[in-house]
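Novice: This structure is in structure tokens; I'll ask about it shortly.
Since every read-out is calculated from the coordinates, none of them should be taken as a lab result. Predicted, not measured: the structure shown is a model, and the values here were computed from it. Neighbour counts are summed over all protein chains in view; Cβ atoms, including those assigned to glycine, are modelled from backbone coordinates with ideal geometry.
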Amino acid sequence: MSEVVRCDWGVMPPIYVAYHDEEWGRPVRGDDRVFERVTLEAFQSGLSWLTILRKRENFRRAFDGFSIPKVAAYTERDVERLLADEGIVRNRAKILAAITNARAALDLPGGLSDLVWRYHDPDAPAPRTMADVPASTPASKALAKELKRHGFVFVGPTTAYALMQAIGIVNDHIEGCVAR
């Protein structure tokens, strides 16, 4: 019986295995679904992705299922509600960024999903090892710059690349990985 090959980070704990095998690198489209990933990637900044995955359902509840119009309408009362919510990461700057980004997403011609998917490169080669996976790329730098031009915050090139990986714009599962 042959051993199942996975990206190094996707072998433990079980929540990582499920995320690796079933979600990461799989195409995600739709403005609210992409907005969820943008928001979670921003909240992850400086933290473990495991922390975000464990709190993901709490984030979904707290942020109204990541409905862009609902989050864009948040007021200071909502900010205070979120800061008091022990189920999420309680960081004022990141909460404010989510609201700012929802408002920016509302104003995008064509929507958020269409904007980020312009950076899809289906011909990118598979990385041989995780050491071959960059932290950012020219495309993620361009995406971050475009998002910022439209009023987004907390979306630097590294966060933009993590988003691109998470929603399948790039496929950084290593060569031979079961999820590739």
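Novice: Summing Lys, Arg as +1 and Asp, Glu as -1, what charge do residues with Cβ under 14 Å from the Cβ of A144 carry, A144 excluded?
Specialist: For residues surrounding A144, the net value is +3.
Novice: Compute the separation of the alpha-carbon centres of region 125-142 and region 5-75 and state it in Å as a whole number.
Specialist: For region 125-142 versus region 5-75, the Cα centre distance is 20 Å.
Novice: Next question. For region 158-175 and region 86-122, write down the distance between their C-alpha centroids in whole Å.
Specialist: With region 158-175 and region 86-122 each reduced to a Cα centre, they are spaced 16 Å.
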